[in-house]
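Chemist: Quick one: the structure is below, and I'll ask about it shortly.
Derivation of every value follows stated rules applied to the coordinates shown; laboratory data play no part. What you are looking at is a predicted structure, and each value in this text was computed from that prediction instead of being measured. Methodologically, a virtual Cβ is constructed for each residue, glycine included, from the backbone with ideal geometry; neighbour enumeration extends over all protein chains shown.
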Amino acid sequence: MCSRLTTNAENEFWCFSMTERSHGLFSGRTRNLARHNKPGKLTIGKLLKDFKEGDRVTIVPKGNFKDIPHPRYRGRVGIVTEKRGGAYVVKFNVSKRTVRTLIVNQRHLDRAGVVKSKS
């Protein structure tokens, strides 16, 4: 995409682009990432969650912490494979073939909803 168009005497358009800044998720405006879940709103019960291997969890970035998972993984449902310190290793499918592994702090994990069978 051209940022500037110029013409010459024969009315030919030339396109040249100047360097533009990145518009990625973490490029400058991270103020809104923690707007809804302030650190004061996290209770002791929410901070001291315990998950077992094989539990289904949802990744929900909370609070204004440095260890938040990337926003592209928000809402993903994965399976806990192991515990590392205060964090958990979560595996989830990106596509049919690709499996991602994330190390996520326990405050950013919630239990995935249990689907009831129709009977």
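Chemist: Of all residues in segment 77-103, how many are closer than 17 Å to L47 by Cα and without any contact (Cβ under 8 Å) to a residue 12 or more places away in the chain?
Modeler: So the answer is 1.
Chemist: Checking the structure you have, find out if any residue of segment 46-58 is surrounded by 15 or more Cβ atoms within 10 Å (Cβ to Cβ), in contact (Cβ under 8 Å) with a residue 40 or more places away in the chain, aliphatic (A, V, I, L, M) and not in a loop (DSSP other than H, G, I, E, B).
Modeler: Yes; the residues of segment 46-58 include at least one that is surrounded by 15 or more Cβ atoms within 10 Å (Cβ to Cβ), in contact (Cβ under 8 Å) with a residue 40 or more places away in the chain, aliphatic (A, V, I, L, M) and not in a loop (DSSP other than H, G, I, E, B).
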